Amino acid sequence: MKEEFLSPKQVAAEYPVLGSPSALAERRWRGEGPIYIKTGKGRAGRVFYRRSDIEDFLAECTVIPGRAA
């Protein structure tokens, strides 16, 4: 299966639990959130997320009640 890449806008639309594109930018700045790809240095680089990395991040954030965290 071919890997799918999403822009921050697409991620925000498809996974609203992660917040807006600006919330995703804030998480990147803080060094938190899902793994991402940056195509260039500084502000010129475009940011993309692999769908599989988004799914992995959400799985890691999942809390099962009654189990130790």
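The values are calculated or read from the model by the stated rules, or taken from the named source; none is laboratory data. Only a predicted model underlies this, so the values are computations on that prediction, with no experimental measurement involved. Here the Cβ is made from the backbone with ideal geometry for all residues, glycine too, and neighbour counts use every protein chain on show. We work out accessible area using only protein heavy atoms, side chains counted, and drop any ligands, DNA or RNA first. Shrake-Rupley method; radii C 1.70, N 1.55, O 1.52, S 1.80 Å.
Place the peptides 37-44, 11-18 in order of packing, highest mean first, counting for every residue the other Cβ atoms within 10 Å and averaging per peptide. Before the final figure, lay out the partial values.
Numbers: 37-44: 8.5, 11-18: 14.8.
Put in order of decreasing packing, that is 11-18, 37-44.
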*In whole Å, what are the Cα extents of the chain along the three principal axes, biggest one first?*
45, 32, 19
*Send over a whole-number figure in Å² for the accessible area per residue of the chain, probe 1.4 Å.*
78
*asked:* If I model a spin label as a point 7 Å beyond the Cα along the Cα-Cβ vector, how far apart are those points for residue 30 and residue 52 in nm?
replied: 2.8
*Using only the alpha-carbon atoms of the stretch 20-59, report the extent along each of the three principal axes, biggest first, to the nearest angstrom.*
31, 17, 16
_Protein accessible area in the chain, 1.4 Å probe - carbon and sulfur %_ = 55
